[in-house]
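The values are calculated or read from the model by the stated rules, or taken from the named source; none is laboratory data. The shown structure was predicted, so the numbers you read here are calculated from the model rather than taken from an experiment. For neighbour counting, all protein chains shown are included, and Cβ atoms are generated from backbone atoms with ideal geometry for every residue, glycine included.
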């Protein structure tokens, strides 16, 4: 856990509202499913923004984000050479060392990015990975998954690309030793319920508004079967059977 | 000009090596920030707000960015006084600075029982929270009317053998009357202000952002109002005052000290810069040097 200033290498617009900012890594640690608190402002905005690790390369970290509010809109203005501040790595990622066999990573929308680094790490560990990527209409990041996945399944809500409907329609949890999920809560609830029926291990990575990002302020607490947990520090990845929804 | 600046202050007989205290609710029990820097460099730490019994806190959204600040509705999630005494105090003791236990309550009985337990424990000071806006039927209810506050402070004073700070709400009917009532009831020091009761609405959902509807506003947006309140209270009371409210910089600290504060607490700024405590302390020394201030106490209350 470090707080440091780094430099933007590139900030690429992928779709109308999806961007990837690449920053110099400066030896920072990063594990699949962890996130960083980022800010490209001084005190013009109060809070840093939690963004998951999309790719961790030797010299740089990539963060894929959707412009949804003031913070991410400011980040979208970043140019190569601009300073950016990072706090992290935050939270516990997916327990990749414990996962064996054949795995599905299933993401929806801007929940997709952390699964890319996760797929890469799992493949390095000898795990066979299938990716299930659900989009609203426009695809992104699919080619980034290709080197690490045996199969990639795509869905869009109206069928512009791939399967028409929800990505959960395509998943058969019984074919996998574990399902790793990240995306809208309604999607992860569905995945968790499907995995419960087939007794498949399922991990969900939660998104939450955060202030400190390190477990001090309790701004992101959720109720779980094992008590109150901090999404930033105890998560963001939880066993689906621990969640109450 | 001297090379060294004297930053040490004393509040109710308790020596602080500098006037910067981490504000309750923003800093946990210090351990998370201690991973980033030695939080023992701060003058003191006020613990996460405790209640007699453990609390899970509020449901729904708890933090929300606003213009030059933020709102929170955490709802005093905490492990309870007993767990704090068993585990939290030892955690905080290793930092070597002033250990302030912050405690709120839902009833007079809770305040008295919790305060007497903490009074027996290894804390340096008790900060009585009569100002949390985020807990129904409690907390701030004691911080609105001076007569109600007088009653709870009197009762706690009877059982509290540790120096007693009372943390005031800016939502008090009259902040100066409130301060005087708490002083008369036996407070050794006052800290102000807690968050301002505020509101945000999600226009897309057509609903209030927070399940409790109202939440507490903090950050730079409240600083000028907090400064005015600290100034007007300091003119009237004799006990030391700890200034709180949107302090982000060493310059802000000098403003509060010139307004009469003996020390300050920093809260929201920790979220903007997790190293804020250390950074502001370093800047404070430099600023005092460049302003020709040899001892921070010499400028207290000059405005």
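Structure notes:
Per-residue answers, yes or no, for (1) modelled with pLDDT of 95 or more; (2) buried (at least 24 other Cβ atoms within 10 Å of the Cβ); (3) farther than 26 Å from residue B:34 by Cβ:
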{"position": "B:182", "(1), (2), (3)": "yes, yes, yes"}
{"position": "B:185", "(1), (2), (3)": "yes, no, yes"}
{"position": "B:205", "(1), (2), (3)": "yes, no, yes"}
{"position": "B:219", "(1), (2), (3)": "yes, yes, no"}
{"position": "B:236", "(1), (2), (3)": "yes, no, yes"}
{"position": "B:244", "(1), (2), (3)": "yes, yes, no"}
{"position": "B:266", "(1), (2), (3)": "yes, yes, no"}
{"position": "B:275", "(1), (2), (3)": "yes, no, no"}
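- Residue in segment A:177-198 that is surrounded by the most Cβ atoms within 10 Å (Cβ to Cβ), counting only those that are over 18 Å from residue A:114 (Cβ atoms) and in contact (Cβ under 8 Å) with a residue 40 or more places away in the chain: A:195
- Flag not set for residue A:233, criterion: at pLDDT 95 or above, in a strand (DSSP E or B), outside the structural domain of residue A:71 (by TED's automatic domain parsing) and over 25 Å from residue A:176 (Cβ atoms).
- Inter-residue pairs, beta-carbon under 7 Å, first closer than 18 Å to residue B:30 by Cβ and facing chain A (nearest Cβ under 8 Å) and in segment B:66-90, second modelled with pLDDT of 95 or more and assigned to a strand (DSSP E or B), 6+ apart: B:77/A:221; B:77/A:228; B:77/B:55
- Checking A:104, A:31 one by one, the residue that is surrounded by fewer than 23 Cβ atoms within 10 Å (Cβ to Cβ) and either away from chain B (no Cβ under 14 Å) or part of a strand (DSSP E or B) (or both) is A:31 and no other.
- Every residue from segment A:208-233 that is touching a strand residue (DSSP E or B) at 6+ places or on another chain (Cβ under 7 Å) and more than 10 Å from every other protein chain (Cβ to nearest Cβ): A:224, A:229, A:231
- Residue B:48, sole failed condition from (1) assigned to a loop (DSSP other than H, G, I, E, B); (2) more than 9 Å from chain A (Cβ to nearest Cβ); (3) surrounded by 24 or more Cβ atoms within 10 Å (Cβ to Cβ): (2)
- Residues of segment A:4-28 that turn out to be more than 14 Å from chain B (Cβ to nearest Cβ), in a loop (DSSP other than H, G, I, E, B) and touching a residue at least 24 places away in the same chain (Cβ under 8 Å), as a count: 5
- Qualifying residue in segment A:149-168 (condition: away from every other protein chain (no Cβ under 14 Å), under 24 Å from residue A:244 (Cα atoms) and part of a helix (DSSP H, G or I)): yes
- The set of residues in segment B:23-40 that are touching a helix residue (DSSP H, G or I) at 6+ places or on another chain (Cβ under 6 Å) and not in a loop (DSSP other than H, G, I, E, B) comprises B:31, B:33, B:39.
Let's see how each residue does on (1) within 12 Å of chain A (Cβ to nearest Cβ); (2) part of a loop (DSSP other than H, G, I, E, B):
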| site | (1), (2) |
| --- | --- |
| B:221 | yes, no |
| B:232 | no, no |
| B:236 | no, yes |
| B:271 | yes, no |
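- The listed residues are B:78, B:97, and the only one of them that is touching a strand residue (DSSP E or B) at 6+ places or on another chain (Cβ under 6 Å) and surrounded by 24 or more Cβ atoms within 10 Å (Cβ to Cβ) turns out to be B:78.
Yes/no matrix, rows are residues, columns are (1) under 17 Å from the mean Cα position of the chain (by Cα); (2) over 30 Å from residue B:76 (Cα atoms); (3) not assigned by TED's automatic domain parsing to the domain that holds residue A:103:
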{"site": "A:163", "(1), (2), (3)": "no, yes, no"}
{"site": "A:182", "(1), (2), (3)": "yes, no, no"}
{"site": "A:189", "(1), (2), (3)": "yes, no, no"}
{"site": "A:196", "(1), (2), (3)": "no, yes, no"}
{"site": "A:219", "(1), (2), (3)": "no, no, yes"}
{"site": "A:225", "(1), (2), (3)": "no, no, yes"}
{"site": "A:229", "(1), (2), (3)": "no, no, yes"}
{"site": "A:238", "(1), (2), (3)": "yes, no, yes"}
{"site": "A:242", "(1), (2), (3)": "no, no, yes"}
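- Across segment B:142-162, the qualifying residues are those that are in contact with a strand residue (DSSP E or B) (Cβ under 9 Å, 6 or more places away or on another chain) and over 16 Å from residue B:104 (Cβ atoms), and the one among them that is surrounded by the fewest Cβ atoms within 10 Å (Cβ to Cβ) is B:157.
- Of all residues in segment A:35-76, those being free of Cβ contacts under 8 Å to residues at least 60 places away in the same chain, away from every other protein chain (no Cβ under 14 Å) and in contact with a strand residue (DSSP E or B) (Cβ under 8 Å, 6 or more places away or on another chain) number 9.
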